[in-house]
């Protein structure tokens, strides 16, 4: 299979392609996520637009070679704008039989498989559930297969670096990366720089990995291409000018919280309890102490939210993050924050449920929990991020609403957004709108539930302020004095006021816009959260086909934008794609009595563009 | 124009809020709130810097009656709220007020962690061995066999000893006092306040409605002196009407015994001297139970170490002193970036 040296240095004839989807897959210990991360960086630097989707098992080191231990990383990149991580991979890199078994079904017909024959041992084939080696029979006839002994080639490539056999084999992922770099004409230098930096104290490891990348690349150059068209090129995309980086949802969220604390001129207090996939916010912020951030790993979810409320009470911006089951535990305390009217940001990085569900898989099934999921009439504001980069703005907005309206704000992200990355035009932190909080200090006629006439927000007087000593608590308090009150009329008035305060936020958020398409028409696709990418791409495709379809994407879930009802009234049909069984759908129908219809998926995987396109076509073309 | 007058010395009354107290007449909580107001007046604690945080239960109403900042939170979680308050603003003087159900049943986890972390606050546990506000169910400190609405045939689960629990959690300050001891209680509160770190105080509190007289065997006049051991650092563990009883290590065993001074050749020199920095001694003292032993009262253990809030602040200040002015723009531009023209 290996070509001769004579043709080695000839530039291959490269086929120009608009966009490509590559999925790297292997054992969870194979370094797949690192490989994907490097390919992402390099591709971003090459000027392509891109989106990524890491998909890894919950087990840290599942038994080697098993299907449930397969870790994967998918990247979609191109010379056009890229909205999703791609429906079906064009290329599948399978570092063992289990990776092939789990991912083969997604590969498009005619797609390319790069398989490490060194890992296709009898033992591994059996573990993956293959009776026969698929590389040896015609079961892969629908695909193009490059079968190479990556393990052997890697060992050969790094033999001069003096590593142990185990360390040497760890370079397998870099050998593979080198080969894929060659396939798609990527520059190797960014990875070399990264390796040199990462293994500064162990240069032999850096050198071995670099040698592996080079060997994989050289293997590509010398590969005999029997059917042509194995090597490709993807031109740079049309992208707005500016300074860019790639960003994950977790990074954008964490930095957005810092921006939000700066914007409100409050110190940031973040408390969390380890839970997948929200823990990374705690990890990220705990490394940013120079910003004055206090991070607190609490003893449980309840202590996390309670300490954040305590910090807000003392004048900080109190923030906590978790995932569905953890949010459930925080619920009583969120009710306290609603009752005492203190600012609080609660981030829910949603995952597949109920109960433990599938912690590393994505879902958006906590919308009802966010909007309605508390005892009594206890309204709060709910906002949702639509993409990894959008987490930045949404975090700033959450801080604004929480402090301006003295209310908890539930910020909905999900496992996909948290871990996925995309290119981000880096904003100017100094240009972020300033919304400074001013604490109440005037003792004249003071009581803690004095309200602003416009926002209905109560006075925020923090402990330490002389003359404003006061008591608050979860017991109902008098509208006019703030003292405990069991008066029937007062409870009615306080309940109405708490509701009116949250409803009033609708006047202080932007009108709902149409992301793509027209105001009114045949059909609107209404989404929220991380379904933005697939819905938007689907609408692009459908409109190019001449369908009168528009995309509306809601950031402010509660209260809903003031114009949303009239906007939705302009469409003949409304379709609501969601990764749940119809939660936004229920809210829209109950609020507006609209005949909206749901398009629902709860497989732990994001929507494919084709699924949405097909669903719309079946409705419009029937 | 505001004319600033020199602040007058605050009295106990200045720490009382204008709210009508709603505990049952005769409740031990009245005495505790009075002792607290007296303590704050003695300390001249600035009311604006003093915060009382409570959970749920009879004791948890306490903050409403203090003319300081106060936060009546949710059941069992006062320690967590208070941790957030203290981390956000270490200048505040934070007192947690809680009961035996609030602290040791629903809030047991948070009590453990606030003590082990050594957050610089005072944790006052009103122990009346009963759930009062919910009408008399047995609590985690109720003695075996307690008859209550939920245990009509008597409780069958062993109680927890709060001071022993606190020591086990790694508390650096553990003390006990009695609601009616109006001289001793403010002294213990003052010691708790002075201690840097989490100070745990168990107050034996009488519930006149659901558990009246639960501590009378060692708190009533006439029996108190023979049944209480009031410990003081550096002084021999002597008690009794005649001051003739003492505590010593039983020869040849890792246990305490009561001895009578002047009998069988026992002198006051044979009696143990209280060393409040000795954790092993404290562990033995808190486990002494009537009728074989007197109940140990006072500062049983005090051995300060670095506070959690102090250590957290130190890490932040260290990071800030190293890095210079934090720059979000620089942070977002760290790592690989590229320019599109």
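The values are calculated or read from the model by the stated rules, or taken from the named source; none is laboratory data. Computed from a predicted structure; not experimentally measured. Virtual Cβ from ideal backbone geometry, glycine too; neighbours counted across all protein chains shown.
Key figures for this structure:
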item	result
Given (1) assigned to a strand (DSSP E or B); (2) more than 14 Å from every other protein chain (Cβ to nearest Cβ); (3) over 27 Å from residue A:595 (Cβ atoms), number of the condition residue A:472 does not satisfy	(2)
Single match in A:591, A:621 (criterion: touching a residue at least 24 places away in the same chain (Cβ under 8 Å) and loosely packed, with under 15 Cβ neighbours inside 10 Å)	A:591
In the stretch B:80-109, the residues that are facing chain A (nearest Cβ under 8 Å), crowded, with 24+ Cβ neighbours inside 10 Å and within 17 Å of residue B:141 (Cβ to Cβ)	none
Residue match in the stretch B:295-316 (condition: farther than 14 Å from residue A:243 by Cβ, at the interface with another protein chain (Cβ under 9 Å from one of its Cβ atoms) and not in a helix (DSSP H, G or I))	no
Restricting the stretch A:556-577 to residues that are in contact (Cβ under 8 Å) with a residue 60 or more places away in the chain and touching a strand residue (DSSP E or B) at 6+ places or on another chain (Cβ under 6 Å), the residue that is farthest from residue A:394 (Cα to Cα)	A:558
Subset of the stretch B:63-79 that is more than 7 Å from chain A (Cβ to nearest Cβ) and out of contact with any strand residue (DSSP E or B) (no Cβ under 7 Å at 6 or more places or on another chain) - its residue that is surrounded by the most Cβ atoms within 10 Å (Cβ to Cβ)	B:76
Helices (runs of 4 or more DSSP H) contained in the stretch A:228-327 and holding at least 3 residues facing another protein chain (nearest Cβ under 10 Å)	A:249-264, A:301-313
Every residue from the stretch B:46-57 that is touching a strand residue (DSSP E or B) at 6+ places or on another chain (Cβ under 6 Å) and facing chain A (nearest Cβ under 7 Å)	B:49, B:51
Residue match in the stretch A:512-535 (condition: touching a helix residue (DSSP H, G or I) at 6+ places or on another chain (Cβ under 9 Å), surrounded by 15 or more Cβ atoms within 10 Å (Cβ to Cβ) and within 14 Å of another protein chain (Cβ to nearest Cβ))	no
Filter result for residue A:465 (crowded, with 18+ Cβ neighbours inside 10 Å and within 14 Å of chain B (Cβ to nearest Cβ))	yes
Filter result for residue A:351 (at negative phi and surrounded by fewer than 20 Cβ atoms within 10 Å (Cβ to Cβ))	no
Out of B:299, B:259, sole residue that is touching a strand residue (DSSP E or B) at 6+ places or on another chain (Cβ under 6 Å), more than 28 Å from residue B:160 (Cβ to Cβ), modelled with pLDDT of 95 or more and surrounded by 12 or more Cβ atoms within 10 Å (Cβ to Cβ)	B:259
Filter result for the condition that a residue is more than 10 Å from every other protein chain (Cβ to nearest Cβ), farther than 20 Å from residue A:474 by Cα, surrounded by 24 or more Cβ atoms within 10 Å (Cβ to Cβ) and without any contact (Cβ under 8 Å) to a residue 40 or more places away in the chain, over B:138, B:123	B:138
Exclusive hit being crowded, with 19+ Cβ neighbours inside 10 Å, more than 12 Å from chain A (Cβ to nearest Cβ) and in contact with a helix residue (DSSP H, G or I) (Cβ under 7 Å, 6 or more places away or on another chain), set B:12, B:35, B:60, B:41	B:35
Count - residues of the stretch A:449-462 that are more than 16 Å from residue A:402 (Cβ to Cβ) and more than 10 Å from every other protein chain (Cβ to nearest Cβ)	5
Selection status of residue A:413, assigned to a helix (DSSP H, G or I) and touching a residue at least 12 places away in the same chain (Cβ under 8 Å)	no
Unique match (being at pLDDT 95 or above, under 28 Å from residue A:195 (Cα atoms) and away from chain B (no Cβ under 14 Å)) among A:2, A:93, A:70	A:93
Subset of the stretch A:330-345 [more than 11 Å from chain B (Cβ to nearest Cβ) and in contact with a helix residue (DSSP H, G or I) (Cβ under 6 Å, 6 or more places away or on another chain)]	A:343, A:345
